[in-house]
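Trainee: Have a look at this one.
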Amino acid sequence: MAWGCELCLALAAGALLALLFRWLRADGDLTLLWAEWRGKKPENELRGKVVWVTGASSGIGEELAYQLSKIGALLAISARREDELERVKKKCLEISNLSERDIHVLRLDLTDRSSHEAATNRVIQHFGKIDVLINNGGRSQRSLFVDTNLDVYEAIMGLNYLGTISLTKHVLNHMIQRKKGKIVTVSSVMGIMGAPLASGYCASKHALQGFFNSLRTELTDYPEISIINICPGPVQSKIIQNVFTEDLAKSIKNSGDQSHKMPTDRCVRLTLVSTANDLKEAWISDNPYLAVCYLWQYAPTWAWWLMNRMGKRRIQNFKSGVDADASYSRKKK
């Protein structure tokens, strides 16, 4: 009997160690990774669906267009730069079996809220419906609050928050009429935690988290309308080249090396897994950001202590001209 108990304890300890090892190497929360392993596949769930992607001219949005086109989703792609959207469309056609009509290019400025109803109607007229809206458009920030003009914060909220919920309102009306649909919003781990150099960006993402979590509770009479929040950590993209700084007229001079961040294709794959499985919230990040997300949820005092240490390094990186999110495990030379 004693031998049997020892064997059970050893097996339990081994299982815990295996789980810990997997978690240390994880690039998503455990629910998301389980869905990737055992859940519904994007190839089955999204093929033939009409998906509208904002911010599709670069970064995560561009990669979303490529992966969705390979799956066989019908695409509406939007951003301010129509020439870049045409470039994305051309590549989508090259790598997929979609036809010219299957990809609709629609120039869209999220800050021009008066244009959102007409834009929504154009997508519906083209495809007859919208199955999935992916709110991906937005800009990040790299500046300290004490140095930043207030009009920068107004611009961040106007684009990231108000622009997103404005477009959502028009698309949601259509989905309510159909009694089904998915609204996927690319938030950020910064919507869960706080970080220096991004106070306005964090505020906009916290606002989105609060809004969509509240909206979800208002849609209980529509069980087939899913509200999905995606929270990526640092990802390899051009987002740093287009960040807000302390002044609206100023751009960042050096975006720094981005190779230490999560590859964009991996982030997008996990985003599509989350969409296919109707996950209400998904954390997509390597450690230490993933660990901080858990701490922020379950041990906020420890999270503050760790973020203060990480934040100091983040500011030092930024001031020395390297990427603010450069690896925290990298040894000083």
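Trainee: Please verify whether H126 is open to solvent by 30 Å² or more (accessible area, probe 1.4 Å), over 25 Å from the mean Cα position of the chain (by Cα) and not aliphatic (A, V, I, L, M), treating the condition exactly as stated.
Mentor: For H126, the condition - open to solvent by 30 Å² or more (accessible area, probe 1.4 Å), over 25 Å from the mean Cα position of the chain (by Cα) and not aliphatic (A, V, I, L, M) - is met.
Trainee: Now for a different question. Inspect the stretch 311-323 for any residue being part of a loop (DSSP other than H, G, I, E, B), open to solvent by 50 Å² or more (accessible area, probe 1.4 Å) and at pLDDT below 85 and give the result as yes or no.
Mentor: Within the stretch 311-323 (the criterion being part of a loop (DSSP other than H, G, I, E, B), open to solvent by 50 Å² or more (accessible area, probe 1.4 Å) and at pLDDT below 85), the answer is yes, since at least one residue qualifies.
Trainee: To continue, here is another question. Is at least one residue of the stretch 280-301 in contact with a strand residue (DSSP E or B) (Cβ under 8 Å, 6 or more places away or on another chain), open to solvent by 20 Å² or more (accessible area, probe 1.4 Å) and assigned to a loop (DSSP other than H, G, I, E, B)?
Mentor: Yes, the stretch 280-301 contains at least one residue that is in contact with a strand residue (DSSP E or B) (Cβ under 8 Å, 6 or more places away or on another chain), open to solvent by 20 Å² or more (accessible area, probe 1.4 Å) and assigned to a loop (DSSP other than H, G, I, E, B).
Trainee: Let me confirm something: among P223, P196, which residue is surrounded by fewer than 23 Cβ atoms within 10 Å (Cβ to Cβ), over 20 Å from C267 (Cα atoms) and free of Cβ contacts under 8 Å to residues at least 60 places away in the same chain?
Mentor: So the residue among P223, P196 that is surrounded by fewer than 23 Cβ atoms within 10 Å (Cβ to Cβ), over 20 Å from C267 (Cα atoms) and free of Cβ contacts under 8 Å to residues at least 60 places away in the same chain is P223.
Trainee: Could you please find all residues in the stretch 135-170 being over 19 Å from the mean Cα position of the chain (by Cα), among the aliphatic types (A, V, I, L, M) and open to solvent by less than 10 Å² (accessible area, probe 1.4 Å)?
Mentor: V152
The values are calculated or read from the model by the stated rules, or taken from the named source; none is laboratory data. Just so it is clear, the model here is predicted, and its values are computed rather than measured. Ideal geometry is used to build each Cβ from the backbone, glycine not excepted, and the neighbour counts take in all protein chains shown. The protein model used for the area step is the full one, side chains on, heavy atoms only, and it has no ligands, DNA or RNA in it. Shrake-Rupley method; radii C 1.70, N 1.55, O 1.52, S 1.80 Å.
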